[in-house]
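J.: This is the structure I want to talk about, given as structure tokens.
The values are calculated or read from the model by the stated rules, or taken from the named source; none is laboratory data. It should be emphasised that the depicted structure is a prediction, and the values quoted were computed from it without experimental measurement. Every residue, glycine among them, receives a Cβ derived from its backbone with ideal geometry; neighbour counts consider all protein chains shown. To get the accessible areas, we keep the full protein, side chains included, count just its heavy atoms, and leave off ligands, DNA and RNA. Shrake-Rupley method; radii C 1.70, N 1.55, O 1.52, S 1.80 Å.
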Amino acid sequence: MYFDTHCHLNSEQLYEKRADYVRHAMDCGVDHMVVVGYNLKASELAVAISHEFENVYAAVGIGPEDCLDTDAEELAKLEALLTKPKVVALGEIGLDYHWDTVPPQKQKAIFRAQLELAKKYQQIVVIHCRDAMQDTYEILAGAGVKGIMHCYGGSVEMAQRFIKLGFKISLAGPVTFKNARIPKEVAAKLDLKDLLIETDAPYLAPTPLRGKINEPANVVYTASEIARLRGVSVEEVARQTTENAMKVFRI
Ligand code: NI
């Protein structure tokens, strides 16, 4: 009944025991998930993993921290993945100004190139945005694609602007953190029809598991906190966010 819209079973930390993580998730009611790529190799792995398990889907893309050497040849290889079975999105892609590893100009060029690919293949996009809200918004406003703001960390007002562009707002473990005033406000105030839930596993384990390796089963904690903040049942949050995810991924 829960849909983890963003996890990395393709990461070094989770890959080897992926079958255990999938089984544990299913046992906990997390019966759908999307494995998200962040470079070419991780994208290829995401596709392979999606073909190993029922109800596990893939997103393929080159993220802002991994695009320093991305060239036309690499983009062509990514393009070839976009039409594989069970690929439901292009991502994660976007801008990340937190680390200084890739110059913003390069990040923007690769981001825009992939938005063009999304348009060409009518895929939705999964957006990674860190310390780059305004630039991300400006690029998406002119892109003509829809998708998901993954692990959203901005304000309610900014969320409304992304929703107007055709984006869903996905909340992860940080909404459960004690001092996360703004994510809690986003969880409480947006229309439930605009929200998705995710783990971003192996990162960002929710309270009470902070600091541990995160896994898809833990998306339940995020759903519970959203339910508490909204004064509704966790079943209601699970049902509506799953329905939203099915719709946006066209499953
Ligand atoms: Ni991610």
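J.: Which residues, taken from the stretch 131-154, are away from the ligand (no atom under 16 Å from the Cβ), open to solvent by less than 50 Å² (accessible area, probe 1.4 Å) and not aliphatic (A, V, I, L, M)?
T.: D135, Y137, G154
J.: Next up: Condition first: within 14 Å of the ligand (Cβ to nearest atom), out of contact with any Ser or Thr (no Cβ under 9 Å at 6 or more places or on another chain) and more than 27 Å from G144 (Cα to Cα). Can you find one or more residues in the stretch 54-69 that meet it?
T.: no
J.: Which one of L68, L90, L9, L14 is modelled with pLDDT of 95 or more, in a helix (DSSP H, G or I) and of a type in the set (A, V, I, L, M, F, W, C)?
T.: L14
J.: Would you call G173 over 22 Å from D4 (Cα atoms) and touching a residue at least 24 places away in the same chain (Cβ under 8 Å)? Full working, then the answer.
T.: On the way: over 22 Å from D4 (Cα atoms): no; touching a residue at least 24 places away in the same chain (Cβ under 8 Å): yes.
When the stated conditions are applied, G173 does not pass them.
J.: So if I check each of Y15, Y2, which one is in contact with a strand residue (DSSP E or B) (Cβ under 9 Å, 6 or more places away or on another chain) and away from the ligand (no atom under 11 Å from the Cβ)?
T.: Y2
J.: Within the stretch 195-232, which residues are under 18 Å from C7 (Cβ atoms) and of a type in the set (K, R)?
T.: R210, K212
J.: Would you pick out the residues in the stretch 196-242 that are charged (D, E, K, R), more than 12 Å from L171 (Cα to Cα) and not in a helix (DSSP H, G or I)?
T.: Matches in the stretch 196-242: R210, K212, E215.
J.: Would you confirm, using the coordinates I've provided, whether A113 is of a type in the set (A, V, I, L, M, F, W, C), more than 22 Å from R250 (Cα to Cα) and away from the ligand (no atom under 14 Å from the Cβ)?
T.: yes
J.: With respect to the numbered conditions (1) closer than 21 Å to I124 by Cα; (2) over 16 Å from the mean Cα position of the chain (by Cα); (3) hydrophobic (A, V, I, L, M, F, W, C), which one is the sole condition not fulfilled by V234?
T.: (1)
J.: Among the candidates I169, I182, I163, single out the residue that is within 16 Å of the ligand (Cβ to nearest atom), among the aliphatic types (A, V, I, L, M) and not in a loop (DSSP other than H, G, I, E, B).
T.: Checking each option against the conditions leaves just I169.
J.: Within the stretch 104-119, is even one residue part of a loop (DSSP other than H, G, I, E, B) and either under 26 Å from L40 (Cα atoms) or of a type in the set (A, V, I, L, M) (or both)?
T.: As a first pass, look at the stretch 104-119 and keep what is part of a loop (DSSP other than H, G, I, E, B): none.
No.
J.: Same structure again: Among the residues of the stretch 75-91, are any open to solvent by 40 Å² or more (accessible area, probe 1.4 Å), of a type in the set (D, E, K, R), in contact (Cβ under 8 Å) with a residue 24 or more places away in the chain and closer than 22 Å to K168 by Cα?
T.: So the first thing to find is which residues in the stretch 75-91 are open to solvent by 40 Å² or more (accessible area, probe 1.4 Å), and the list is 76-77, 79-80, 83-86.
From what is left, the residues that are of a type in the set (D, E, K, R) are 77, 79, 84, 86.
Within this subset, residues satisfying the condition of being in contact (Cβ under 8 Å) with a residue 24 or more places away in the chain are 77, 79, 84, 86.
Adding the requirement that they be closer than 22 Å to K168 by Cα leaves 86.
Scanning the stretch 75-91 turns up at least one residue that is open to solvent by 40 Å² or more (accessible area, probe 1.4 Å), of a type in the set (D, E, K, R), in contact (Cβ under 8 Å) with a residue 24 or more places away in the chain and closer than 22 Å to K168 by Cα.
J.: Which residues, counting only those in the stretch 20-50, are more than 16 Å from the ligand (Cβ to nearest atom), open to solvent by less than 10 Å² (accessible area, probe 1.4 Å) and either polar (S, T, N, Q) or part of a strand (DSSP E or B) (or both)?
T.: Result: V30, single match.
J.: Right, next: So T242 clears everything in (1) within 17 Å of the chain's Cα centre (by Cα); (2) closer than 22 Å to K178 by Cβ except one condition, right? Which one?
T.: Every listed condition holds for T242 apart from (2).
J.: Still on this structure: Any idea how many residues of the stretch 71-87 are closer than 16 Å to Y121 by Cα and assigned to a helix (DSSP H, G or I)?
T.: 7
Let's see how each residue does on (1) within 16 Å of the ligand (Cβ to nearest atom); (2) at pLDDT 95 or above; (3) surrounded by 19 or more Cβ atoms within 10 Å (Cβ to Cβ); (4) over 19 Å from Q160 (Cβ atoms):
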residue: A187; (1), (2), (3), (4): no, yes, yes, no
residue: T199; (1), (2), (3), (4): yes, yes, yes, yes
residue: T207; (1), (2), (3), (4): no, yes, no, yes
residue: I213; (1), (2), (3), (4): yes, yes, no, yes
residue: V220; (1), (2), (3), (4): no, yes, yes, yes
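J.: What are the residues in the stretch 137-159 that are of a type in the set (V, I, T) and under 22 Å from T199 (Cβ atoms), if any?
T.: I148
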